[in-house]
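What follows is a set of notes on a single structure, which appears directly below.
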Amino acid sequence: VQKRLQGRYDAMWLSTFHAACARMLRRDIERLGYGRNFVIYDTQDQRVVMKECLKDLNVNEKQFAPGMVSGWISKQKDLMLTPDDCLKEAGGDYWNRQMALLYQRYEKKLKNNNALDFDDLILKTLMLFEEAPDVLAYYQNRFQYVLVDEFQDTNRPQYLWVKALAGAHGNVCVVGDDDQSIYGWRGADIGNILGFEQDFSNTRTVKLEQNYRSTATILEAANTVVANNKMRK
């Protein structure tokens, strides 16, 4: 990319959502009450903390496996639900209430350890944008153009992050194919691509319909399959 742009790249970021958010948080997370030297927990770290939570709350690990609970918490974060939201939704249901209490305990432990998990990187950045408008304005001014690839694989928090960054200028270009959205099981929201024009009313669609990869037989088969998709442009 640097070679193609011939030197006009110093202020540009090329990264994943999570890497970009981590970089933003390293600069300003103190505004949220964390230290800049926060650690990022991987899956193994999360399970260790979850085992501590289970022990603290005297919950049976065989009934509430650490990996299962961690996966459930990740899903709630994809849906942008807090522990309090989950407690309200649980009502008197024992299983859901225990899960919500474990989620609550888990979040407290992360905060006490000055730690974030992978999902937090985007959620905390959204929180930072909301609580520190000057930080959001800084990045909106810094990034006059936003380009997102594989847009059909984005989840709700990622979409809101893009929307926030482009909120001042509206210069956002997304590349994606609703027929290739296969990651709903891990949080991808097809609504991001189906409803894009609702948030960006001046959208212009450019169709990329020439396939250079597959033979006519493969394309005919694939198109016959995806023609049955109910949620598509």
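Screening the stretch 147-164 for residues that are assigned to a helix (DSSP H, G or I) and in contact with a strand residue (DSSP E or B) (Cβ under 7 Å, 6 or more places away or on another chain) and picking the one that is nearest to Arg27 (Cα to Cα) gives Val162. Counting residues in the stretch 116-123 that are within 17 Å of Leu25 (Cα to Cα), part of a helix (DSSP H, G or I) and over 18 Å from the mean Cα position of the chain (by Cα) gives zero. Arg36: touching an Asp or Glu at 6+ places or on another chain (Cβ under 7 Å) and free of Cβ contacts under 8 Å to residues at least 12 places away in the same chain, yes or no? Against the criterion (touching an Asp or Glu at 6+ places or on another chain (Cβ under 7 Å) and free of Cβ contacts under 8 Å to residues at least 12 places away in the same chain), Arg36 qualifies. Kindly check whether there is at least one residue in the stretch 165-172 that is modelled with pLDDT of 95 or more and assigned to a helix (DSSP H, G or I). Within the stretch 165-172, one or more residues are modelled with pLDDT of 95 or more and assigned to a helix (DSSP H, G or I).
Within the set Gln140, Gln144, Gln198, the sole residue that is part of a helix (DSSP H, G or I) and open to solvent by 70 Å² or more (accessible area, probe 1.4 Å) turns out to be Gln198.
On inspection, Leu128 fails the criterion of being open to solvent by 40 Å² or more (accessible area, probe 1.4 Å) and either of a type in the set (Asp, Glu) or over 21 Å from Val49 (Cβ atoms) (or both).
In the stretch 37-63, how many are aliphatic (A, V, I, L, M) and open to solvent by 100 Å² or more (accessible area, probe 1.4 Å)?
Of the residues in the stretch 37-63, 0 are aliphatic (A, V, I, L, M) and open to solvent by 100 Å² or more (accessible area, probe 1.4 Å).
Taken together, Gln76, Gln63, Gln44, Gln6 contain a single residue that is touching an Asp or Glu at 6+ places or on another chain (Cβ under 9 Å) and not charged (D, E, K, R), which is Gln76. Scanning for something of a type in the set (Val, Ile, Thr) and either farther than 25 Å from Val39 by Cβ or open to solvent by 40 Å² or more (accessible area, probe 1.4 Å) (or both), does the stretch 74-92 turn up at least one residue? Yes, some residue in the stretch 74-92 is of a type in the set (Val, Ile, Thr) and either farther than 25 Å from Val39 by Cβ or open to solvent by 40 Å² or more (accessible area, probe 1.4 Å) (or both).
Report, by residue number, each residue of the stretch 81-113 that is at pLDDT 95 or above and not in a helix (DSSP H, G or I). Answer for the stretch 81-113, where residues must be at pLDDT 95 or above and not in a helix (DSSP H, G or I): Leu81, Thr82, Asn113. Every condition in (1) out of contact with any Asp or Glu (no Cβ under 7 Å at 6 or more places or on another chain); (2) over 24 Å from Gly33 (Cα atoms); (3) not in a helix (DSSP H, G or I) holds for Gly176 except the one numbered (1).
The values are calculated or read from the model by the stated rules, or taken from the named source; none is laboratory data. All figures in this text were calculated on a predicted structure; none of them were measured in a lab. Backbone-built Cβ (ideal geometry, glycine too); neighbour counts: all protein chains shown. For the accessible areas, the whole protein counts, side chains as well, though only heavy atoms, and no ligand, DNA or RNA atoms are used. Shrake-Rupley method; radii C 1.70, N 1.55, O 1.52, S 1.80 Å.
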